[in-house]
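A.B. asks: Below is one structure. I have some questions about it.
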Amino acid sequence: MTQAEKEQDNGKEKEKEREKEKEKEQQRGVKRPIAPPLIQEPLHEQIQSNFVVVIHPGSRTLRIGRATDTLPVTVPHVIARRHKQSGQPRCEDAWLLRDGLNKPESNEQRQHGLKMVDQAIWSKKMSNGIRRTPVSAEQARAYNCQIRPAVLDSSTRVRWTNTAHHPSHLVGEEAIHVNPTDCYNIHWPIVRGRLNVHAGPGGSLTAVLADLETIWSHIIQKQLDIPIKDLKYYRCILLVPDICNREHIKEVVNMLLLNMGFSAIIVHQESVSATFGSGLSSACVVDVGDQKTSICCVEDGVSHRNSRLCLAYGGSDVTRTFYWLLQRAGFPYRDCQLSSRLDCQLLQHLKETLCHLDQDISGLQDHEFQTRFPEAPTLLYQVRLGDEKLQAPMGLFYPTTFGIVGQKMTSLQCRSQGDSEDPYDEHYLLATQSKQDQSSKSAADRKAVPRPGGGLDGDMSGQGGIGDLSDLPRGCSSGGGTKGEVDLGTAQGDCLIGAGEVEEPLSAHLSRKTAIISQFESRALGLDKAILHSIDCCASDETKRKMYSSILVVGGGLMFSGAQEFLLHRIINKMPPSFRRLVDNVEVITRPKDMDPWLISWKGGAVLACLDTTQEMWIHQREWQRFGVRMLRERAAFVW
């Protein structure tokens, strides 16, 4: 028999053995895998980036585009919905106004914050070595109160949005320019990085999700030229805040996959995307947005959970504070109101063009601006300003200047409250691990030899039944409740306890920890202190050194002249002395690769679409229909 015939016989025998095994399996039944492969295409199929849509939803601005686009489409994240019945009262979500501003203590707190700002301005020397001389608001007020506007044109080219054809909804700039007398409600679906769920009209979760779907679908059709029926050929990358409401994210993913019809989705964090977009492997990402500021330390594409921090203030608070300072200085445009959308737009423009953090700019300076409103003449105003242009952005470092009272100002990373669709979440893992730890502890107790003093030779020497807490990450606890489950590290100057450092009953520990967290969350940390706190929560000194040497500032809230040097100065002055010797170079990066800071996170999402390593992160529509939120826990690149 030749060699070829032998190999042929061996192949036939192996084939028969495989068939016999299949018959046996069919007879005794085979266990089905937990997640059977439902995707027909190959796992490593080459994905075309022009069929991937990257969505970065912000509180005030939506950025959306194909992964191959150089720049995303950027539109105000707002919708105007026509009243369904005549005589229905108008409802408009606030733009610059917010809760906590009209308390009796608000003005006192604002004045106290302004005193601290003035002290900081006076204490820092200019580049020529001379201290700045603060300019009194009264000096500017005497001039501004005499100013009268000059008429440039009897009418402007600005028009109210044409609603003669009664559209059911309007999006973006069209929504902002809806005439207040028209029968439309104005809604901003995201506030301070979260879905704008509230008790008023249009504030239910269903209504907010419907607003998001309408806005996004409109932009995809009109601006990206993609018919909604063709979204089954497209994939989506959704960027979410590091600290987010998981229930809301689940509903948004459900809307994108099942309602809008995307074929697959990746959910990723804004901070990690920012490092991708900037080309940095590790950085302390400081995202200063319009309504919230989030800080997180990212190392090799992983967001350190304990370092996450969200501050409930941003660029809009600086704009509102600038308006208050303008009023003190006799702002000549006396009809300006924070309740008017067009006035808010004007104030936003004045903040972006006039405000700065450059200590070398001092003294009174004259400026001019124009008002262009529908059904009104174009007016030219002169205004004289001094330190107001510097005081307003410094509110980010002295948040009491914002005058916000009785609001939760600092959010820390909370443990998930669980989901009925996902029984094997981290609560399940912690509970089973706790039982294993208790059983191993009991076994160790039985093996231990009694000592004369009544103690044990083993490591477990009676800690009141909370020994399993010490096995959790620093600042975590396995008890129930929301506030008792916040991950905390030890901050410089803010000593927040860790769970493994206590020797007291669990209930007492949790109540004490809840009280500390409540006190911490009611405080408004300045931006520099929050950065130091976030870096100090990193696990090792080596990681901390990396973070100090790469502080990446993204978002549009800190795009002031001199901001980079100002923030660097404050970080160096306030960082722990031990790290001043260890860190070779503290660096604040505001424009990596000369890109606009507001664009970096979106650009990182576009980079993500092109990486081979993202293949296993896609959640396909059929998988989501079958397994739901469990797919986020399995596929997300961060701990869900």
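A.B. asks: Rank-order 95-108, 54-67 by packing density, defined as the average count of other C-beta atoms within 10 Å over each peptide's residues, highest first.
C.D. replies: Result, highest mean first: 54-67, 95-108.
A.B. asks: For a quick check of understanding: with a 1.4 angstrom probe and all protein chains in place, what accessible area in square angstrom does residue 71 have, to the nearest ten?
C.D. replies: 110 Å²
A.B. asks: Please work out whether the range 332-401 counts as rounded, prolate or oblate from its C-alpha gyration tensor, where a ≥ b ≥ c are the square roots of the eigenvalues and a/c under 1.5 means rounded, while otherwise a/b larger than b/c means prolate and anything else oblate?
C.D. replies: Judged from the Cα gyration tensor, the range 332-401 comes out oblate (a/c at least 1.5, b/c at or above a/b).
A.B. asks: Here is a further query. Show me 263-275, 556-568 ranked by packing, highest mean number of other Cβ atoms within 10 Å first.
C.D. replies: 263-275, 556-568
A.B. asks: Students often get this wrong, so check it: of 103/125; 250/544; 115/546; 232/593; 544/593; 124/593, which have C-alpha atoms separated by over 26 Å?
C.D. replies: Checking Cα-Cα distances, 103/125; 250/544; 115/546; 232/593; 124/593 exceed 26 Å.
A.B. asks: Let me ask something else. Could you report the accessible area of residue 299 in Å², rounded to 10, computed with a 1.4 Å probe on the protein chains as they sit in the structure?
C.D. replies: The accessible area comes out at roughly 40 Å².
A.B. asks: Classify the range 87-155: rounded, prolate or oblate, from the alpha-carbon gyration tensor (a ≥ b ≥ c, eigenvalue square roots; a/c under 1.5 rounded; otherwise prolate if a/b is larger than b/c)?
C.D. replies: Oblate, because a/c is 1.5 or more while a/b does not exceed b/c.
A.B. asks: Moving on to the next point. Below 8 Å, C-alpha to C-alpha, sequence gap of six or more: please give me the relative contact order for the range 516-640 in percent.
C.D. replies: That works out to 23 percent.
A.B. asks: Moving on. On full extension of the chain, what length is gained from residue 440 through residue 204, given 0.36 nm per residue of separation minus the C-alpha to C-alpha distance? Don't skip to the end; give the middle numbers.
C.D. replies: Working: separation 236, 0.36 × 236 = 84.96 nm, distance 4.80 nm.
Gain on stretching residue 440 to residue 204: 80.2 nm.
A.B. asks: Can I ask one more? Any idea of residue 397's accessible area? Nearest 10 Å², probe 1.4 Å.
C.D. replies: We get 10 Å² for residue 397.
A.B. asks: Can you give the extra length, in nm with one decimal, that the chain gains between residue 120 and residue 150 once fully stretched, where that is 0.36 nm per residue apart less the Cα-Cα distance?
C.D. replies: 7.1 nm
A.B. asks: Follow-up. Gap in Å between the Cα centre of the range 370-425 and the Cα centre of the range 218-259?
C.D. replies: 26 Å
A.B. asks: Let me ask something else. What residues of the range 381-395 lie in the reach of a label at residue 158, counting those whose backbone N is under 14 Å from a point 7 Å from the Cα along Cα→Cβ?
C.D. replies: So the set is 381.
A.B. asks: A further question follows. Whole angstrom only: what separates the Cα centroid of the range 542-602 from the Cα centroid of the range 342-368?
C.D. replies: Between the Cα centre of the range 542-602 and that of the range 342-368, the gap is 24 Å.
A.B. asks: Hey, another quick one. With just the Cα atoms defining each centre, how far is the range 70-111 from the range 316-335? Give it in Å.
C.D. replies: 18 Å
A.B. asks: Ranked from highest to lowest mean number of other Cβ atoms within 10 Å per residue, what is the order of the peptides 220-231, 153-164?
C.D. replies: Result, highest mean first: 220-231, 153-164.
A.B. asks: Ok, one more. Computed FRET efficiency, Cβ-Cβ of residue 19 and residue 111, R0 56 Å: what is it to the nearest 0.05?
C.D. replies: Taking R0 as 56 Å, the efficiency between residue 19 and residue 111 is 0.05.
A.B. asks: Ok, one more. Where in the range 260-286 does the amide nitrogen come within less than 17 Å of the point 7 Å from the Cα of residue 584, taken along Cα to Cβ?
C.D. replies: Within reach of a label on residue 584: 281-283.
A.B. asks: To continue, here is another question. Hey, for a label at residue 334 modelled as a point 7 Å past Cα toward Cβ, could you say which residues of the range 146-160 have their backbone N under 16 Å away?
C.D. replies: 146-150
A.B. asks: Treat each spin label as a single point 7 Å out from the Cα along the C-beta direction, and report the residue 426 to residue 138 distance in nm.
C.D. replies: About 5.6 nm, to one decimal.
The values are calculated or read from the model by the stated rules, or taken from the named source; none is laboratory data. For clarity, every value in this text was computed on a predicted model and none was experimentally measured. Methodologically, a virtual Cβ is constructed for each residue, glycine included, from the backbone with ideal geometry; neighbour enumeration extends over all protein chains shown. Quick note on the areas: whole protein, heavy atoms, side chains included, nothing else; ligands and nucleic acids left out. Shrake-Rupley method; radii C 1.70, N 1.55, O 1.52, S 1.80 Å.
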